[in-house]
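Report on the following structure.
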Number of protein chains: 2
Amino acid sequence: MESSLTLATAFQDAEYIIGGHGSRKIKVLQEAFMHVDGELASDHYGNGAVIDSFQQQMADVLGKEAAVFFPSGTMAQQIALRIWCDHQGLKRVAYHPLAHLEIHEEDGLKELHQIETILLADKDRLIRLEDVQGLDQEIACLLLELPQREIGGQLPSYEELETISAYCRERGIKLHLDGARLFEITPYYQKTPAEICSLFDSVYISFYKGIGGIAGAILAGDTDVMEESKVWKRRHGGDLIGLYPYILSSQYYYNERIGKMQLYYEQAQELAALLNACHGIRTLPEVPVSNMFHVHIALAASEVEPLLVQMTQHYGIGITSYLNKTSGNSCAFELSMGDRYEHIPQDKLRAALTWLNEEMQKQSI
Amino acid sequence: MESSLTLATAFQDAEYIIGGHGSRKIKVLQEAFMHVDGELASDHYGNGAVIDSFQQQMADVLGKEAAVFFPSGTMAQQIALRIWCDHQGLKRVAYHPLAHLEIHEEDGLKELHQIETILLADKDRLIRLEDVQGLDQEIACLLLELPQREIGGQLPSYEELETISAYCRERGIKLHLDGARLFEITPYYQKTPAEICSLFDSVYISFYKGIGGIAGAILAGDTDVMEESKVWKRRHGGDLIGLYPYILSSQYYYNERIGKMQLYYEQAQELAALLNACHGIRTLPEVPVSNMFHVHIALAASEVEPLLVQMTQHYGIGITSYLNKTSGNSCAFELSMGDRYEHIPQDKLRAALTWLNEEMQKQSI
């Protein structure tokens with residue numbers, strides 16, 4: 001190993017970083033508030049012009065009757081599922097084995113709401129119509145995550161989505177969308193957010209993925225359901241006296257970046273093609289369907305790390321700060337395209353990946 | 001009635017307003033972030049220098065092993081009570097009938113945590129030692145709110161507090177402090193926050209009361225309990241990717257105002273004396289024990305409102321935007337002293353209250 005630098009340090013100091021919009025720094029907030037009128041009144045426990053106007057804007061964008069701003073998606077989604085369970089008188093829902101609720105929320109849905117969960121599909125593939133048809137227990141709600149982040153951001157065909165939606169409506173199963181990355185899939189589906197959301201009874205979207213805000217989420221659906229969600233928001237401790245630091249920054253970065261989703265999607269496709277041309281490297285999906293994908297490398301993390309450190313040092317290009325071990329002698333990381341990519345000189349990027357390809361070929365894989 | 005202006009409108013347009021620090025406007029955030037280094041990194045899901053340093057600062061101030069920043073007191077307190085119930089294997093707690101958890105949280109404690117509550121004392125008085133001694137059911141935790149906001153911000157004597165604390169420790173009852181206004185009571189008790197907190201097993205404090213921040217709360221206690229609270233924070237949806245808008249503004253306004261609690265307390269005493277000299281007006285407590293008190297007027301709200309509108313228009317002094325009907329032909333409102341009071345010309349204030357006294361004397365009460 002030429003250098004004792006860790007991958008995380010090399011990445012942090014890289015001249016260019018491939019993914020994301022930029023570091024999560026305080027200036028993200030400062031920029032969003034620089035031109036806001038200081039005399040504007042705070043929202044006040046869920047009321048006031050600041051929150052009302054953004055909620056209405058998002059309800060319109062998503063084609064739903066109403067929308068409610070939440071501090072987090074964790075809170076918004078648990079609440080959506082709880083409401084559907086209460087409506088159906090049945091505390092059971094189904095989702096993917098790698099759903100955010102299952103792996104990142106310390107079992108809040110079970111611990112706080114006593115909701116039983118059925119894990120549909122295998123970990124490494126999307127939920128299909130046949131999985132839903134094959135359910136042998138009744139459920140109040142099915143949650144679909146589009147794109148399925150933990151498997152690289154995969155998507156079903158739009159036709160399959162329509163078929164699943166129709167099946168659920170027929171059976172009285174409520175359909176909830178984990179749309180943390182909803183805006184990022186509109187270029188692939190060639191549909192508006194509202195068109196996609198029309199297949200679902202409730203929808204959550206996030207403002208710190210492709211939008212690049214600080215934090216915050218919107219839950220959207222019918223007015224009566226959204227009114228119920230406000231009661232649960234209070235119960236969860238999310239009905240803050242002022243949520244405007246998240247609301248106004250979400251609105252600012254939404255306006256900044258909503259028009260760039262096609263660009264991020266195309267950049268993801270371009271970069272994935274470059275990576276797939278490298279020996280021992282493949283992306284998942286092979287052709288990205290959003291701004292994100294996973295990069296799988298058929299070599300142990302301990303062997304890949306020094307290569308990526310060298311690449312960063314010699315070419316100034318940081319591609320990842322970490323490597324996750326995957327099954328077999330291999331590793332992987334996630335890439336999400338954002339504002340940074342367009343600032344990378346293409347010749348440097350291509351030279352770096354050409355070098356990486358040569359180094360990978362020297363490894364006995 | 002001389003004017004058709006509502007009290008809320010007259011108050012909003014008043015040249016001087018008696019209570020509070022100022023309107024809750026966006027400039028509160030802008031001021032707090034004006035001099036923060038934009039290159040400072042965001043906290044990241046509860047980790048990082050920004051959150052660690054403030055949590056440590058507050059743990060030190062409160063004399064506890066550890067502290068955890070929460071988006072809200074609603075979330076922090078439910079979680080504290082849940083942890084104590086889990087530790088004791090008993091899902092029952094006791095608090096005042098007008099505790100925040102009982103009247104402002106949509107029963108989150110019961111709906112999310114299935115915790116049974118015993119309401120101690122009558123609505124219109126503080127919890128006493130004998131109430132705790134008289135409990136005929138076991139409880140895991142007793143919550144005391146200091147000062148008791150909904151009855152004007154009353155306080156027990158420090159000796160009674162010590163006796164209740166000793167009694168709880170003897171019986172294995174955990175004692176939790178709702179210290180939303182903890183800093184505001186230190187001048188009356190002549191104790192440090194840490195001295196008061198030493199009587200309690202867990203403590204919650206707020207940053208948008210006397211401190212005047214945007215939102216946010218700290219829960220403090222033993223390290224193991226605080227580690228547990230982080231798991232519940234994640235479950236509640238409060239473990240945001242970045243809480244820094246609240247953390248840094250809380251820290252800023254804490255530093256700005258922590259030295260002014262004695263001043264606010266003295267101002268409350270001064271103003272309460274002026275009000276108690278008015279015919280038909282009395283404050284609760286008669287002599288304030290913090291920066292807050294309630295103002296009770298022995299006249300129907302419909303008759304008081306035009307008087308206060310006139311007072312605001314003639315003297316430029318706004319005292320309240322609302323009047324709550326109370327039992328009998330009377331009404332009341334709350335006052336909390338903050339930065340605004342010192343900007344009011346004393347002659348104007350005294351002239352306004354002299355006029356109000358005269359008008360009240362003309363009423364047949």
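The values are calculated or read from the model by the stated rules, or taken from the named source; none is laboratory data. This is a predicted model, so every value here is computed, not measured. We place every Cβ from the backbone using ideal geometry, glycine too, and count neighbours over all the protein chains shown.
Quick look at the values:
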item	result
Verdict on A:GLN251 being farther than 30 Å from A:SER42 by Cα and either surrounded by fewer than 20 Cβ atoms within 10 Å (Cβ to Cβ) or not assigned by TED's automatic domain parsing to the domain that holds A:GLY153 (or both)	no
Qualifying position, being facing chain A (nearest Cβ under 8 Å), at pLDDT 95 or above and under 22 Å from A:GLY237 (Cβ atoms), among B:MET58, B:MET75	B:MET75
Some residue of segment B:155-169 being outside any helix (DSSP H, G or I), surrounded by fewer than 24 Cβ atoms within 10 Å (Cβ to Cβ) and touching a Pro at 6+ places or on another chain (Cβ under 6 Å)	yes
Residue match in segment A:98-105 (condition: more than 14 Å from chain B (Cβ to nearest Cβ), free of Cβ contacts under 8 Å to residues at least 12 places away in the same chain and small (Gly, Ala, Ser))	no
Qualifying residue in segment B:258-274 (condition: over 18 Å from the mean Cα position of the chain (by Cα) and within 14 Å of chain A (Cβ to nearest Cβ))	no
Number of positions in segment B:219-234 that are in a helix (DSSP H, G or I) and either free of Cβ contacts under 8 Å to residues at least 24 places away in the same chain or within 14 Å of chain A (Cβ to nearest Cβ) (or both)	9
Where A:ALA41 falls short, out of the listed (1) buried (at least 17 other Cβ atoms within 10 Å of the Cβ); (2) small (Gly, Ala, Ser); (3) more than 19 Å from the chain's Cα centre (by Cα)	(1)
Residue check for A:GLY237: on the phi > 0 side of the Ramachandran plot and within 12 Å of chain B (Cβ to nearest Cβ)	yes
Test for A:ILE127: is it in contact (Cβ under 8 Å) with a residue 12 or more places away in the chain and more than 21 Å from A:GLY238 (Cβ to Cβ)	yes
Segment B:78-97, subset more than 14 Å from every other protein chain (Cβ to nearest Cβ) and surrounded by fewer than 21 Cβ atoms within 10 Å (Cβ to Cβ), residue nearest to B:GLN148 (Cα to Cα)	B:PRO97
Tally of residues being at negative phi and touching a strand residue (DSSP E or B) at 6+ places or on another chain (Cβ under 7 Å) across segment B:273-288	7
Check on B:LEU144, assigned to a loop (DSSP other than H, G, I, E, B) and under 20 Å from B:LEU199 (Cα atoms)	no
Condition met for B:VAL132 (buried (at least 17 other Cβ atoms within 10 Å of the Cβ) and either out of contact with any strand residue (DSSP E or B) (no Cβ under 7 Å at 6 or more places or on another chain) or part of a strand (DSSP E or B) (or both))	no
Positions within segment B:29-43 being within 17 Å of B:TYR246 (Cβ to Cβ) and at the interface with chain A (Cβ under 7 Å from one of its Cβ atoms), in sequence order	B:LEU29, B:GLN30, B:PHE33, B:VAL36, B:LEU40, B:ALA41, B:SER42
Any chance A:GLY242 is over 30 Å from A:ARG340 (Cβ atoms) and facing chain B (nearest Cβ under 7 Å)	yes
Odd one out for B:GLY48, checked against (1) over 15 Å from B:LEU243 (Cβ atoms); (2) in contact with a Phe, Trp or Tyr (Cβ under 9 Å, 6 or more places away or on another chain); (3) surrounded by fewer than 20 Cβ atoms within 10 Å (Cβ to Cβ)	(1)
Answer residue from segment B:15-28, given it is within 21 Å of the chain's Cα centre (by Cα) and more than 8 Å from every other protein chain (Cβ to nearest Cβ) and is surrounded by the fewest Cβ atoms within 10 Å (Cβ to Cβ) among those	B:GLY22
Total residues in segment B:106-116, condition buried (at least 20 other Cβ atoms within 10 Å of the Cβ) and away from chain A (no Cβ under 14 Å)	0
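Here's the yes/no breakdown for (1) under 21 Å from the mean Cα position of the chain (by Cα); (2) farther than 22 Å from B:ILE205 by Cβ; (3) not assigned by TED's automatic domain parsing to the domain that holds B:HIS294:
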position: B:ALA99; (1), (2), (3): yes, no, yes
position: B:GLU102; (1), (2), (3): yes, no, yes
position: B:ASP107; (1), (2), (3): yes, yes, yes
position: B:LYS110; (1), (2), (3): no, yes, yes
position: B:GLU138; (1), (2), (3): no, yes, yes
position: B:ILE151; (1), (2), (3): yes, no, yes
position: B:GLY179; (1), (2), (3): yes, no, yes
position: B:ILE185; (1), (2), (3): yes, no, yes
